[in-house]
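Data first, discussion second: the structure below is written as structure tokens.
The values are calculated or read from the model by the stated rules, or taken from the named source; none is laboratory data. Note that the structure is a prediction, hence the values are computed from the model and not measured. Virtual Cβ from ideal backbone geometry, glycine too; neighbours counted across all protein chains shown. Surface areas here come from the heavy atoms of the whole protein model, side chains and all, with no ligands, DNA or RNA. Shrake-Rupley method; radii C 1.70, N 1.55, O 1.52, S 1.80 Å.
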Amino acid sequence: MNFRGIHAIYRYEMNRSFRTLIQSLVSPVLSTILYFIVFGAAIGSRMDNISEVSYGAFIVPGLIMLTVQMQSVNNASFGIYFPKFIGTTYELLSAPLSFVEIVIGYVGAATTKAFSIGLIILSTSYLFVDLEIKYPFFMICFLFITCMTFSLLGFIIGIVSDNFEQLNIVPMLIITPLVFLGGSFYTIDMLPPFWQNFALLNPIVYLISGFRWSFFGVGDVPILTSVIFMLMFTSICISIIWYIFKTGYKIKN
Amino acid sequence: MSEIINVKNLVKKYDNNFTAVKNLSLKINQGEIIALLGPNGAGKTTLISTICGLSSITSGSIKVNGLDVIHDYRKTRDLIGLVPQELALEPFEKVINSINFSRRLFGKKDDNEYIEKLLSKLQLFDKKNNIIKSLSGGMKRRVMIAKALSHEPQILFLDEPTAGVDVELRKDMWNIIKELKNEGVTIILTTHYIEEAEMIADRIGIINHGELLLVEEKNELIRRMSVKILNIKLKKTLKRIPQKLKKYNLKIIDNGHSLNYFYNIGNEKTGITSLLSDMNEIGINLFDIQTQETSLEDIFVKIIKD
Ligand SMILES: Nc1ncnc2c1ncn2[C@@H]1O[C@H](COP(=O)(O)OP(=O)(O)OP(=O)(O)O)[C@@H](O)[C@H]1O
Ligand SMILES: [Mg+2]
């Protein structure tokens, strides 16, 4: 293993976000605060408790998931797409680095960023609501795996994209709607029956439900289902990465 | 001289089924400067890309220092520095960070002393804290070279190092290349400036349509291929070549005011002395003579055309 090489990529990517601190950190935190104010304080005060949890607290896990999922995808996809765009991938390819090491560097950095943002939002939420986390260890693991999986997904999108439009289109047209409709702001049983069935086709529902379970001990679907879903999702992303590696698809001419 | 790169029957077919390199074999010796010449699209960059790991190999094999570039890619890439044809740098990064990053990618510990020496050699020292965006094109190219040399490679690939570089800087570049050679670095460069190959290369390879047309010692090539021209200005015009001079390779030019004599300097005898004495004998008086040499450029054009 070329650990120094991995570390170089990781550090470079982390530095890149420190250079753009406002964009990479302040803006997701700010938008989450806005959600808290609008949904938590303004609307939430008129909402009934959901499974004995105040609405303001109820939306915390969903908001964290929503943000880390979008951040992971954006960071990782941009992280690998940018060198492709400016042509500096030649450096990665001509260095004694394996593809797996390159993935670890980029995905590791994107995961770290998203994970930190998740934790920052969690801390911020204590300013707004009373929160007790029932299964903190599980919560941390689940958050971490979510960040990693969505970073893998972002990395795949970055590799496959040939231009900025493609880079944006998957996150914008697929991931954002799925994440928003994934139950960040409501439970599935609040939906009309027809839409409930529909919602269960949305993979994000299982992830948000699982994460919420770690906070309150209740979720839309049984926790085991959520965990299985999560692992399936992770394995699919890893398999795609493996396929890209094996075939050299879109990396080597 | 020991061989450091051995390309054997290399074929490179791109995804669109275009074959850019056709069954190419080439050995490169340790410590030499080899210049690859060839028109646009000849396959020079493709050849370099397969050696350096940017392109997959369709068939054939490439060994660097006796090791296969696919099997032992870590060891072979360790030996190689690459300066690609296109400038590719992250615009908002500082020069020094960008160079350190390259070194780290190769798994090497930071070495400030070495990097500072390198920066001085490339006249980048006082620019080291500038962001890359603020550099001129020539400086950026030198940053690319510094990045390629950051991990102390034994082999350096320079894909058109002097494209778009002014005369002054080109000469600097040649000096840098020669200096690297003196330090024992093997250098493979591509260029469209034939005088550049003439100036600095030990051997010259000519590539066209993905094939290596020839590879030869530069001086040998020039000697073998060079035709010299002796231009003879005559006192009186000449309508046709006299019988006695038919055995010489002569051509009347300038409406008979001059004669051109073609001879090969690779031959033992040039035939000049006997030509002149024969001319004297039949009473053709000379006004002036001068010689012209064919350049590597003429040779190159001739080889590509054939
Ligand atoms: N990624 C690619 N896919 C398909 N064809 C390619 C690709 N890259 C290069 N080619 C083709 O392969 C041929 C050789 O290209 P290459 O870049 O190796 O030429 P070159 O000798 O370096 O030319 P130049 O002097 O212009 O740099 C060209 O016809 C080019 O169009
Ligand atoms: Mg080229």
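With a bin width of 10 angstrom, please list the P(r) values of chain B as percents of all Cα-Cα pairs, from the 0 bin to the one holding the largest distance. Result, from short to long distances: 6, 23, 26, 19, 12, 9, 5, 1 percent. The angle between the Cα long axis of helix A:223-247 and the longest principal axis of the Cα atoms of chain A comes to about 10 degrees, rounded to the nearest 10.
Does chain A classify as rounded, prolate or oblate by the C-alpha gyration tensor (a ≥ b ≥ c root eigenvalues; a/c under 1.5 gives rounded; else a/b over b/c gives prolate, otherwise oblate)?
Numbers: a/c = 2.10, a/b = 1.76, b/c = 1.19.
Prolate is the answer for chain A, as a/c is 1.5 or above and a/b outweighs b/c.
Toward the positive end of the charge dipole of the protein assembly as shown, with +1 on the Cβ of Lys and Arg and -1 on the Cβ of Asp and Glu, the farthest Cα among B:Asn219, A:Thr234, A:Ile50 is that of B:Asn219.
Evaluate the charge dipole of the protein assembly as shown about its Cα centre and quote only its size in Debye, nearest 20, assuming +1 on the Cβ of each Lys and Arg and -1 on the Cβ of each Asp and Glu.
That gives the protein assembly as shown a dipole magnitude of about 1620 debye.
Does a label point 7 Å from the Cα of A:Ser51, set along Cα-to-beta-carbon, have any residues of the stretch A:179-195 with amide nitrogen under 15 Å, and which are they? Within reach of a label on A:Ser51, which here means backbone N under 15 Å from a point 7 Å along Cα→Cβ, the stretch A:179-195 contributes A:183-191.
Please go through the stretch A:93-192 and write out the GluC sites (Glu not before Pro) that DSSP classes as loop and that have at most 16 other C-beta atoms within 10 Å.
Values: sites: A:Glu101, A:Glu132, A:Glu165; in loops: A:Glu132.
For GluC sites (Glu not before Pro) across the stretch A:93-192 that sit outside H, G, I, E and B with at most 16 neighbouring Cβ atoms in 10 Å, the list reads A:Glu132.
Between B:Lys302 and A:Met172, the C-beta separation translates, for a Förster distance of 41 Å, into a calculated FRET efficiency of about 0.10. Accessible area per residue for the stretch A:1-145, computed on protein heavy atoms with a 1.4 Å probe, is 44 Å².
Spatial offset of the stretch B:173-223 relative to the stretch B:21-76 amounts to 15 Å, using the alpha carbon center of each. Interface of A with B. Using a 1.4 Å probe and counting protein heavy atoms only, the two chains hide about 2600 Å² of accessible surface, both sides summed. Look at the dipole of the protein assembly as shown built from charges on Cβ: of B:Phe157, A:Gly182, B:Ser120, the Cα furthest out on the positive end belongs to B:Phe157. Here chain A is treated with +1 on each Lys and Arg Cβ and -1 on each Asp and Glu Cβ, and its dipole about the Cα centre works out to around 720 debye. Using the empirical formula 2.2 N^0.38 Å as the baseline, the Cα radius of gyration of the stretch B:4-116 reaches a ratio of 1.20. The distance between label points at B:Asn9 and B:Lys22 comes to 1.7 nm (points 7 Å beyond Cα on the Cα→Cβ vector). Helix-only arithmetic for the protein assembly as shown: the sum of -39500 (n - 2.57) across DSSP H runs with n ≥ 4, divided by the residue total, places the mean residue ellipticity at 222 nm at -15500 deg cm²/dmol. Relative to the longest principal axis of the C-alpha atoms of chain B, give the angle of the C-alpha long axis of helix B:272-281, reported between 0 and 90° and rounded to the nearest 10°. Taking Cα atoms only, the helix is inclined about 20 degrees. For the stretch B:259-306, the list of trypsin sites (Lys or Arg not before Pro) that fall in a loop by DSSP and count at most 11 other C-beta atoms within 10 angstrom reads B:Lys269.
On chain A, 70 percent of the accessible area sits on carbon and sulfur atoms, based on a 1.4 Å probe. Pairwise Cα separations in the stretch A:83-136 fall into 5 Å bins from 0 onward with the following percentages, short to long: 4, 15, 15, 17, 11, 9, 8, 8, 8, 5, 0.
Below 8 Å between Cα atoms, with a sequence gap of 6+, how large is the relative contact order for chain A in percent? Walk me through the numbers before you get to the answer.
Numbers: 291 pairs, mean separation 62.9, N = 253.
Averaging sequence separation for qualifying contacts and normalising by length gives 25 percent for chain A.
Rg ratio for the protein assembly as shown: its Cα radius of gyration over 2.2 N^0.38 Å, N being its residue count, equals 1.38. Given the options A:Leu63, B:Ile5, B:Ala146, identify the residue whose Cα lies farthest towards the positive end of the charge dipole of the protein assembly as shown (+1 on Cβ of Lys, Arg; -1 on Cβ of Asp, Glu). Of the options given, the answer is B:Ile5. For the stretch B:95-176, a crude dipole built from +1 on the beta carbon of Lys and Arg and -1 on the beta carbon of Asp and Glu, taken about the Cα centre, is about 200 debye to the nearest 20. Computed over protein heavy atoms with a 1.4 Å probe, the accessible surface of the stretch B:154-203 works out to 39 Å² per residue. Going by alpha carbons, how many degrees (0 to 90, nearest 10) lie between the helix axis of A:136-160 and the longest principal axis of chain A? With rounding to tens, the tilt is 40 degrees.
Normalised by 2.2 N^0.38 Å, where N counts its residues, the alpha-carbon radius of gyration of the stretch A:48-141 equals 1.47.
Within 10 Å, at most 14 other Cβ atoms, and a DSSP state outside H, G, I, E, B define an exposed site. Report the longest part of chain B free of exposed chymotrypsin sites (Phe, Trp or Tyr not before Pro). Within chain B, the longest run free of exposed chymotrypsin sites (Phe, Trp or Tyr not before Pro) spans B:93-306.
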